[in-house]
Amino acid sequence: MEFKNGLGDTAIQNVIANYPEIGDILNRYEIGCVTCKVGICLLKDVVSIHGLTPEQEAAVEKEINEYLATKDVDLKVA
């Protein structure tokens, strides 16, 4: 999975803190990262480990990248 500006290599808790709408996208695919108390998984890993079909994974990736294209994502969130 490739996300805009390397965001896929960022811990999901930081991604959601900075881009809460990504949590909404994940929730639509029954990926419950918003309620996870650990939050150290990388964005690219949370999508791949939830047993989605390749088509669903591609859809999640596309939705997130389309959302990020509307935002000013110049720095990778650490």
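The values are calculated or read from the model by the stated rules, or taken from the named source; none is laboratory data. Everything quoted here is computed from the prediction, not taken from an experiment. Neighbour counts are summed over all protein chains in view; Cβ atoms, including those assigned to glycine, are modelled from backbone coordinates with ideal geometry. Side chains included, ligands, DNA and RNA excluded: accessible areas come from the protein's heavy atoms. Shrake-Rupley method; radii C 1.70, N 1.55, O 1.52, S 1.80 Å.
Annotations
- The chain: most fluctuating residue of GLY39, GLY51, GLY23 per GNM, C-alpha cutoff 10 Å: GLY51
- Principal axes of the stretch 1-43: Cα extent on each, largest first, Å: 24, 20, 17
- The relative contact order of the chain comes to 46 percent, based on Cα pairs under 8 Å that sit 6 or more residues apart.
- Candidate lysines for bridging to LYS71, where Cα separation is under 16 Å - those fewer than 8 sequence places away on the same chain excluded: LYS4, LYS62
- Volume per residue of the C-alpha convex hull in the chain, rounded to whole Å³: 76
- The trypsin sites (Lys or Arg not before Pro) of the chain that meet both conditions, a loop assignment by DSSP and at most 14 other Cβ atoms within 10 Å of the site Cβ, are LYS37, LYS71, LYS76.
- Under 5 Å between amide hydrogens, built in the peptide plane, is the criterion, and for ILE31 it picks out nothing among residues at least 5 positions away or on other chains.
- Neighbour cut-off at most 14 other Cβ (10 Å), DSSP loop, GluC sites (Glu not before Pro), the stretch 1-49: GLU2, GLU30
- Placing unit charges on each Cβ (+1 for Lys and Arg, -1 for Asp and Glu) gives the chain a dipole about its Cα centre, and among CYS41, PRO54, TYR67 the Cα reaching farthest toward its positive end belongs to CYS41.
- Solvent-accessible surface ranking, highest first, for THR35, THR53 at 1.4 angstrom: THR35, THR53
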